[in-house]
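Note sheet for the following structure.
Rule-based calculations on the coordinates, nothing more; no lab input. Note that this is a predicted model, so its numbers are computed, not measured. Every residue, glycine among them, receives a Cβ derived from its backbone with ideal geometry; neighbour counts consider all protein chains shown.
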Amino acid sequence: MKVLVLNAGSSSLKFSLTDTTQDRHLVHGLVERIGEPDSRLKLDGVAYDVRARDHGEALGAVLGRLDLEGLEAVGHRVVHGGDFTTSSLVTDEVLQRLEAFVPLAPLHNPANIAGIRAALAALPELPQVAVFDTAFHQTMPERAWRYALPRELADRHRYRRYGFHGTSHRYVAHRLAERMGRPIEELRLVVLHLGNGASASAVLRGKSVDTSMGFTPLEGLVMGTRSGDVDPGLVLELCRRYGPDETSRILNCESGLQGLAGHADLRDLQAAIAAGDEASRRALEVYTYRIKKYVGAYAAAMGGLDGLAFTAGVGENDAEVRARVLEGLEFLGLELDAEANARSGPRLTRPGSTAEAWVIPTDEELAIAKDTERVLREA
């Protein structure tokens, strides 16, 4: 099936034309600076100046440069799917439900919905499927997703742990099982999606049973600019001192590696460490220590560990981060092969290790396209 995959951000529109029968992308690109006079379309490494006052014009600029012959469907990334447990064919009812979830993801869902509406207007004859970042984690048991808040209050306002990056976690977990040559239904896996945003998941027999992000993508691991886990009392103190809007900006935009060392990008952080910057060295210790704690916690939650995957920009490319995370986890059966790690594996552990660690490149666009195909086939 030939699928147009769209990932609409507040000022951007990422896209790919994907052939699910061959598991490959025919083209991919990005419209950036939507709503600004200098909007640009980048298509397979070539940049074009375009008019993109909104997502509708941005999509029009994309469609005008693509070969749409044989296009059968459109798949949309939606960050917050609320209580959707699986991807869904877009209908008026689905759009109404997504509108209700906007307060849960005010930075992401409005743009996702704008992208869907633009595609419905531009390609009304094609079926459209919404693929939710949160859906994979809806298999978490209540003990993992429920916060210890007053039950009636939490249920009324949907205060619970949702988890994110689910499309990536599901895709990588299945690829890890394939690499290990074992059925995913018999495996205990941890997936580490490490990019500017970062999350970990515990995948037991193919189902997500825990994940580090929660009600929002702020919970969990230290990230590029997000704090990850902090004492709620500290959040209250920040709100008293700076107010809620400034507190949100501090925790989401000025914390994480950026707050610890002034470098949100791991490549810049590593360069600063090489130059002798002590704050950057300490920041890397905090970053990798938090990841290691989650691996150990998830192994305990699943009663052991069979496989561990590193994925996304940092996980796939930063050997130092991988080595620091795996150091000391020999008791879980993870025995690092330093030479394999230096060349990015793909297998990172020595032969004979009772648990395996791998570098598994993620491909969220392919996962969205294949899920789009699955939904339409089942429909």
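Given their separation in residues at 0.36 nm each and the Cα-Cα distance between them, I250 and A275 gain 6.3 nm when the chain is fully extended. Placing unit charges on the Cβ atoms only, positive for Lys and Arg and negative for Asp and Glu, gives the stretch 181-359 a dipole magnitude near 220 debye about its Cα centre. Mean-square fluctuations from a GNM of the chain, with a 10 angstrom spring cutoff on Cα atoms, peak among G276, G197, G220 at G276. If you bin every alpha carbon distance in the stretch 181-359 into 5 Å steps from zero, what whole percent lands in each bin? Spelled out bin by bin, the stretch 181-359 gives 2, 8, 16, 19, 19, 15, 10, 6, 3, 1, 0 percent. Residue separation of L26 and Y48 scaled by 0.36 nm, minus their Cα-Cα distance, works out to 6.0 nm of gained length.
Between amide H atoms placed 1.01 Å from N, distances below 5 Å from L187 occur with R205, G206, all of them 5 or more places distant or on a separate chain. Of E364, E186, E246, the sequence from fewest to most neighbouring Cβ atoms within 10 angstrom is E186, E246, E364. Would you mind checking the tilt of helix 278-302 against the longest principal axis of the Cα atoms of the chain, expressed as 0 to 90 degrees and rounded to 10? Computed tilt is about 90 degrees. Counting only DSSP beta bridges whose two residues both lie in the chain, roughly 65 percent are antiparallel. Rounded to the nearest 20 debye, the dipole size of the chain about its Cα centre is 600 debye, using +1 on the Cβ of Lys and Arg and -1 on the Cβ of Asp and Glu. The ranking of H174, H76 by Cβ neighbour count inside 10 Å, starting from the fewest, reads H174, H76. Multiplying the residue separation of T85 and E72 by 0.36 nm and subtracting their alpha-carbon distance yields 2.3 nm. Size check on the stretch 32-167: the Cα extents along the three principal axes, sorted descending, read 52, 32, 27 Å. Cα centroids of the stretch 180-205 and the stretch 316-338: 15 Å apart. Each Lys or Arg adds one and each Asp or Glu takes one away; over the other residues whose Cβ falls under 13 Å from the Cβ of G166, this sums to 0.
Mean separation of Cα pairs under 8 Å and 6 or more residues apart, divided by the residue count, gives the stretch 181-359 a relative contact order of 21 percent. Of the listed pairs K292/K370; K14/K370; K207/K370; K2/K370, which have alpha-carbon separations greater than 21 Å here? Checking Cα-Cα distances, K292/K370 exceed 21 Å.
By DSSP, the beta bridges lying fully in the stretch 181-359 are antiparallel in about 60 percent of cases. Among E125, E99, sorting on how many other beta-carbon atoms sit within 10 Å of each Cβ, with the fewest leading, yields E125, E99. Relative to one another, the C-alpha centroids of the stretch 244-298 and the stretch 1-75 are positioned 32 Å apart. Overall, the anisotropy analysis places the chain in the rounded class: the square-rooted eigenvalues a ≥ b ≥ c of its C-alpha gyration tensor yield a/c less than 1.5.
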